[in-house]
Amino acid sequence: MHNKQRMFSFPLAVLCVVLSCCAGGTTSQTEQQNPQSEQWVTYVGETGPGVGKHIVLVSGDEEYRSEEALPMLAQLLAKRMGFTCTVLFSLDPQSGEINPNEQSNIPGLQALEDADLMVISTRFRALPSEQMRYIDEYLMAGKPVIGLRTATHAFHFKDAENQYAKYDFQSDIPGWENGFGKVVLGETWVSHHGAHGSEGTRAVINEAQATHPVLNGIADIWGPTDVYTVGALPDATVLLLGQSTSGMDADAPINTEKGTMPIAWTRTYQLPGGKPGRAFTTTMGASVDFESADLRRLLINACFWATGLEDAIPQQVDVSFISTYTPTMFGFDEFKRGQFPADFRLATD
């Protein structure tokens, strides 16, 4: 896909998909022969409350397999809820292969120019200015954001003179202390509260927020990723607390020696000089975590809330998978080699 123009604005979103064949539309002979030319995947929403809204999902972390989780969530949002969803990946700039270890290349961020929601699941990215500017402009406009797991430390710029060094998770720039994570989501990277690789997370509803629409249909969330340490969230609404489980399966007992930590919350963010916007964060979000139906449901509900459609959240969202989902266990360098965005196309639209 070589067109650098604004391809994602409505009503051009459908045209984009037809041209790029990312949603099971008519595929050109050239792209059938060279799927490596496709740099993202788009699923078109046709029926449902989300019709007319565009969600851009940004993957790119080395450990938790966001390149697997976000296409699955995008399919649910498009085919069950009607949102049109574009999924972006960290790509090898030479081969076009999905490579989560590539920290400086996520093509397609121009999609944010006309997006209604950004879902971000990146870790320690150092994107070039021509890509970062789209994220910066989006956030300055106060448009809604959902952050998953490592999005608390989404960016890491080692060059302090970089114009986007303020986004670094350790930023000490006034007004940007602790960067994107703290300023937008409410928290940066602190530490593992649970024992990473040996303890999981059991979600507990904050009873003070039990009627919050994002919690519609939520009853049972467990995932094998551990609880993150989260500090005070004075300007956030905490929806879920996380208990550490003494083991890596859903039946493992609670580790009562460890207290709970917030694992899902909402807040209003505002960049210095920017407009206010909605943010939802969860410190869960590995691809294997999303084997939990209620975690998938939580994210779908959050997308409704973030786009101002909270009144349309069903009491029990259908989160059955659109295509086969066999997530890879988290771990560094455990990603599937030889995959391209085109591999995540749906066979039929």
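Computed from the coordinates by the stated procedures, all read-outs in this text should not be read as laboratory data. Since the model is a prediction, treat every value here as computed from it, not as a measurement. Methodologically, a virtual Cβ is constructed for each residue, glycine included, from the backbone with ideal geometry; neighbour enumeration extends over all protein chains shown.
Taking every alpha-carbon pair under 8 Å whose residues sit at least 6 apart, region 154-274 reaches a relative contact order of 23 percent. If each Cα of region 302-341 is one equal point scatterer, what is log10 of I(q)/I(0) from the Debye formula at q = 0.17, 0.33 Å⁻¹? Those come out to -0.76, -1.14, one per q. In this calculation the C-beta distance from Glu207 to Ser95 is compared with R0 = 35 Å, giving a FRET efficiency of 0.10. Rounded to the nearest whole Hz, the Karplus-based 3J(HN,Hα) values (6.51 cos²θ - 1.76 cosθ + 1.60, θ = phi - 60°) of region 45-59 follow the sequence x, 10, 9, x, x, x, 4, x, 10, 10, 10, 10, 10, 10, 9, with x at glycine and proline. Here region 113-172 was treated as a single set of alpha-carbon atoms; its pair distances binned every 5 Å from 0 give 4, 18, 27, 29, 17, 5, 0 percent.
In region 71-140, Rg over Rh equals 0.98, where Rg is the alpha-carbon radius of gyration and Rh the Kirkwood radius from pairwise Cα distances.
Hey, how many Å between the Cα centroid of region 60-81 and the Cα centroid of region 309-334? Distance between centres, Cα-based: 7 Å.
Annotation: amide H-H contacts under 5 Å for Lys53 (H modelled 1.01 Å from N, sequence separation of 5 or more, or interchain): Thr84.
The ellipsoid equivalent to the alpha-carbon distribution of the chain has semi-axes of 29, 23, 20 angstrom, derived from the gyration tensor eigenvalues as √(5λ) and listed largest first. What are the residues whose amide H is under 5 Å from the amide H of Val41, where those residues sit 5 or more places off or on another chain and H is modelled from the backbone? Amide H neighbours of Val41: Val87.
Amide H to amide H, with H built 1.01 Å from N, Leu240 comes under 5 Å of Asn206, Ile263, Ala264, counting only residues 5 or more places away or on other chains. The Ser191 and Lys275 beta-carbon pair, evaluated with R₀ = 41 Å, returns a calculated FRET efficiency of approximately 0.80.
Tell me, in nm to one decimal, what length is gained between Thr47 and Asp343 on full extension, where the rule is 0.36 nm per residue of separation less the Cα-Cα distance? Intermediate results must be reported in sequence, preceding the final value.
Values: separation 296, 0.36 × 296 = 106.56 nm, distance 2.43 nm.
The Thr47-Asp343 span can extend by a further 104.1 nm.
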